[in-house]
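Data block below; observations after.
The values are calculated or read from the model by the stated rules, or taken from the named source; none is laboratory data. On a predicted model such as this, the values are computed, not experimentally measured, just so you know. Methodologically, a virtual Cβ is constructed for each residue, glycine included, from the backbone with ideal geometry; neighbour enumeration extends over all protein chains shown. Accessible surface areas use protein heavy atoms only, side chains included; no ligands, DNA or RNA. Shrake-Rupley method; radii C 1.70, N 1.55, O 1.52, S 1.80 Å.
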Amino acid sequence: MIAWERQGGLVKTRLDPPTFLRQQLHLAVGQPIRVAVYTRLADGIRSGVFRLGEMLPRETELSALLGVSRTPVREALMLLEEDGLLVTRRGVGRFVTDSIPHGGLEQLRPLEIALADPNMTLTVQPVRFELEGFTDFVSSRLALDPAANAWIRESVLLHDGLPMAIVQEHLPAGRYLSDVSALIASELPKMATEPRTLLASMQANGHVFTNGMCQIVATNAGPTRANLLNIEPSVAVLILTQTAELGGTPLYAAKCVVAPGHGALSIMQHNPN
């Protein structure tokens, strides 16, 4: 069902929770089900399908509506509570928070912004922009089939002229991009030449990505990365993997390799209260 409500003199439509939840989940290859459930519920909270302070359906009902087992639902609910979107009232149930918190890293800040501080000047140096064929990384994160190509834009982040990070950004190519956003497809060649990450350029052009996720692992740099970062191949680096959607479709994936020796990488959640 679709509910009608009046806001500021305008009549807007709003899906009722059961209809919203019954929509097919978008599952990228290799993506845990709990992530898709988390995304659906978080979207419902932030878009107003679930109102502030409203009680959510029980786990069993959510499981039935979403068409998944209770385990990923329970895991997603726990993550939503950790992120401040839900609160549990013992013996009663789970409720949407009274105030939606602002996001931290999940806002998909461009790396040059995430790593910067008031005393640091970062510059972005584009290295290459080209088409690439099938890779497991891109296929799993952008839900592309093996026949699809993708764009890769590689950049080096410089701190006072010294390399501190590599950013490899991926977007689908051809109709896989233009069918989702013809505007981004037309802007991409120009954005690839700009001295900032593609994510920063797309955000500056008004494109809003949602459902951002970031994974962080530590590993050795290896020969290729070490050459770009001017470090030894055996040196440990941090790899941040970001993925995001546009209009419910996975459209952006990035791998950010951060070299040691440039201070702390802070990951914070911001609450307006």
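Solvent-accessible area of the range 140-239 (1.4 angstrom probe, protein heavy atoms only): carbon and sulfur portion equals 55 percent. Taken over the Cα atoms of the range 18-91, the convex hull encloses 93 Å³ per residue.
Full extension of the chain segment joining ALA236 with GLU54 gains 60.9 nm, where the gain is 0.36 nm per residue of separation less the Cα-Cα distance.
Ranked by solvent-accessible area (1.4 Å probe, protein heavy atoms only, all chains present), the residues VAL68, VAL127 order from largest to smallest as VAL127, VAL68.
Distance from the alpha carbon centroid of the range 215-252 to that of the range 141-197 works out to 14 angstrom.
Let me know the Kirkwood hydrodynamic radius for the range 151-253, please, with Cα pairs as the basis and the value in Å to one decimal.
Working: mean 1/r = 0.0669 Å⁻¹.
Averaging 1/r across every pair of different Cα atoms and inverting gives 14.9 Å.
Applying 1/(1 + (r/R0)^6) with r as the Cβ-Cβ distance of LEU158 and GLU81 and R0 = 45 angstrom yields a FRET efficiency of 0.65. Model label sites at ASP136 and ILE100, defined 7 Å from Cα along the beta-carbon direction, differ in position by 3.7 nm.
Suppose R0 equals 30 Å; then what is the FRET efficiency for THR219 and GLN23 from their Cβ-Cβ distance, rounded to the nearest 0.05? Present the calculation step by step, with values, prior to reporting the outcome.
Working: r = 37 Å, r/R0 = 1.25.
Once the sixth-power term is evaluated, E becomes 0.20.
The simple Förster model, with R0 at 25 Å and r as the Cβ-Cβ distance, assigns SER69 and ASP43 a FRET efficiency of 0.75.
If the viscosity is 1.306 mPa s and the temperature 10 °C, what Stokes-Einstein diffusion coefficient in µm²/s follows for the range 87-229 when Rh is the Kirkwood radius over Cα pairs?
Working: Rh = 17.5 Å.
Taking Rh from Cα pairs, D becomes 91 µm²/s.
Taking the empirical scaling 2.2 N^0.38 Å for compact globular proteins as reference, the range 205-256 has a Cα radius of gyration ratio of 1.47. Note on the range 166-206: the C-alpha convex hull projects to 2.9 nm² when averaged across all orientations. Length available on full extension from VAL127 to LYS190: 0.36 nm per residue minus the Cα-Cα distance, which gives 21.2 nm. Take TYR38: with every protein chain present and a 1.4 Å probe, its accessible area is about 50 Å².
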